[in-house]
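Input: a single structure, listed below in C-alpha cells.
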Amino acid sequence: MDKNNTDKTEKLLATAQNLRWQVGENFHESLMESIYSDAARIADRAVKVDDVKKKYDWDVKIDKLVTSRTFGFPLMFLLLAAVFWITVEGANVPSGLLASLLVDFLHPVLKDFMLSFSPEWVAGFLIDGAYLSMAWVIAVMLPPMAIFFPVFTLLEDFGYLPRVAFNMDNLFRRAGAHGKQALTMSMGFGCNAAGVVATRVIDSPRERLIAIITNNFSLCNGRWPTQILIASIFIGAALPAHIAGLVSAGAVVFIAVLGILLSLVVSYGLSKTILKGEASAFSLELPPYRPPKIWQTLYTSLIDRTIFVLWRAIVFAIPAGMAIWLSANVMIDGTSIAEHFISWSNPMGLLLGLNGVILLAYIIAIPANEIVIPTVLMLTVLTAGNPELGAGTGVMFELESQSAMAEIFRMGGWTALTGINLMLFSLLHNPCSTTIYTIYKETGSVKWSVIATVLPLIMGLVVCFFTAQLWMLFAN
C-alpha cells in the first residue's frame, strides 16, 4: 500500500474515532434510534394505524372461518353452490327470451325469406342446420356465462379464490398436482375452455398439463341443463312431489362432486405414470380482502372470457348444425344416414345403458354440449317415425314442458337406467370441440390434445358399461 493510501486511511479512522467520541459509546444505537424515529414520524403522517389494525383484525377473523379445517370446505361448497344456483336461476329468463327471439321468431322469418328465392334443401341446410345450431348455442350458452364469469371474477377480486386454493392445496398436492388447479377446476364449471386457459397461472409445465387434461371433469354450463332435465325426469319424477326437487338437485350435486373426485384420482394416476414427478412447492400469500372493481370485472369477464369463448363455440357450432341436418335428410335406400347409424349403433348403446340416439347426438353435437338435448329430441322423433311431434325432419327443438319431453324419451324406449347413464356420460365424455381446440392452442401438442380428448371418453364408456351390468344384475 502506498503512502498516500495509508494517509487517507489514517484520516478516515481518525474522523470515525472523533465522531464516536462526540456521540458517545452508543453510536450505533443512537443512529438506529434516529432512523426508527424518522420512520415513525412518516408513518404517523401517512397511515391511520387504527384503521389498518381494524382491517387486519377483520381479515384474520374471516380467514379463521373460511380456511379452518372444520368450516373451510362446507363454506366453500355452499358458496360455489350459491354461485351455480344464481347462474342457473338467473339464466332461465334471459335464455328463454333469447330462445324466443332467435328460435321462435327469427328462425321462421329467415326460413320463409330463404324459401322465397332458393330451393327447400338450401333453406333447410342453412337455416334449419347452420343458423338454428348457432341460435341454440347463443341462447343456452350466453346468459349463464354472462352471469357466472362476472360473479366468479368478483370472488377473485374480493380475495376469496386464493383461500379456495389454500383449502384444496393439500388434496391436490397429495394427488401430485398443484394447489392452483382448484382455481382452474372452479373456472371449468363455467366453461372448460376458459378453465384450460386459466391453467396459465400454474408455472410447472407438468402440473399445468395435469390441470388441462382433468379440467373436463368439471361440469361446464353447457352440461348443467342436461343434468337438471334428466335428473328431474328420471329421478325426481319417481319420488313424491314434496321431495322430488330436493332429490333431483342432490343427484346433480352428486355428479358434480363425482367430477371433482375423479379429477383428483386421474391427477394422481397421471402424476404416477406419463406425467411422473413430485408436486412443486406452492407458496401462497393470501391477499387482503378488498372491494372488487366492478367495471374492470365486467370488462374482463364479459369481453375477455364470455365473448371470446362464445365466439369459438359459434364457429364450431355452425358446421355441426349443417352435419345434423344432412344426417337426417340425406337418404340411402330410402332411410336417412342418421337412422342407419342409430340402427347400427343401438346394440352397442344398449350394452352401455344408453342407445344409438344418444351416441349419435354426442358425435354430431361435439362442437357444443348445449345442443345435445335438442339433437336427442329431434333424432328420437325421427327414429320413432313421428317427426310431426318436433319442428320437422332434421330441425332441432326443445319443449317447455318437462312432461312432454319425458313422453318423447319414453317413446324412444328410455328407462331410468338410460337417464342415470346419460348423466354419467354427460360428465364423462370427450370435451367439446372448442375446448379441444383451446387445449391444442395452450399445449401446442397433438399428443396431449388427443389424450385429453380420449381419456374421459374411455372412462365414460367403461363407467356406463359397468353401471348397466350392475343394473341388470340387481334387476334380475
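No lab work stands behind these numbers, since they all come straight from the coordinates. All figures in this text were calculated on a predicted structure; none of them were measured in a lab. Glycine also receives a Cβ, built like all others from the backbone with ideal geometry; neighbour counts cover every protein chain displayed.
If I model a spin label at Leu470 and Ala82 as a point 7 Å from the Cα along the Cα→Cβ vector, what separation in nanometres do I get? Between Leu470 and Ala82, the label points sit 3.4 nm apart. Taking 37 °C and 0.692 mPa s as the conditions, I'd like the Stokes-Einstein D for segment 173-287 in µm²/s, using the Kirkwood hydrodynamic radius from alpha carbon pairs. Roughly 215 µm²/s, to the nearest whole number. For Leu457 and Met348, calculate 0.36 nm times their separation in residues minus their Cα-Cα distance, and state this gained length in nm to one decimal. Working it through step by step, the gained length comes to 37.8 nm. Principal axis extents of the Cα atoms in segment 392-476, from largest to smallest and rounded to whole angstrom, are 46, 39, 19.
Using a cutoff of 8 angstrom between alpha carbon atoms and counting only pairs six or more residues apart, the relative contact order for the chain works out to 17 percent.
Which option, (i) 4, 19, 29, 26, 14, 5, 2, 1, 0, 0; (ii) 4, 21, 33, 28, 12, 2, 0; (iii) 4, 17, 25, 21, 12, 7, 5, 3, 3, 2, 1, 0, is the value of P(r) over Cα pairs in 10 Å bins from 0, in percent that was calculated from these coordinates? Answer label, from the structure shown: (iii). Set Lys and Arg Cβ to +1 and Asp and Glu Cβ to -1, take the dipole of the chain about its Cα centre, and tell me which of Thr383, Ile358, Gly190 lies farthest positive. It is Gly190, whose Cα lies furthest towards the positive end. Helix 402-411 axis versus longest C-alpha principal axis of the chain: approximately 60°, rounded to the nearest ten. Taking 30 Å as the limit for the C-alpha separation, the pairs Lys180/Lys441; Lys180/Lys293; Lys180/Lys272; Lys61/Lys272; Lys64/Lys272 exceed it in the case of Lys61/Lys272; Lys64/Lys272.
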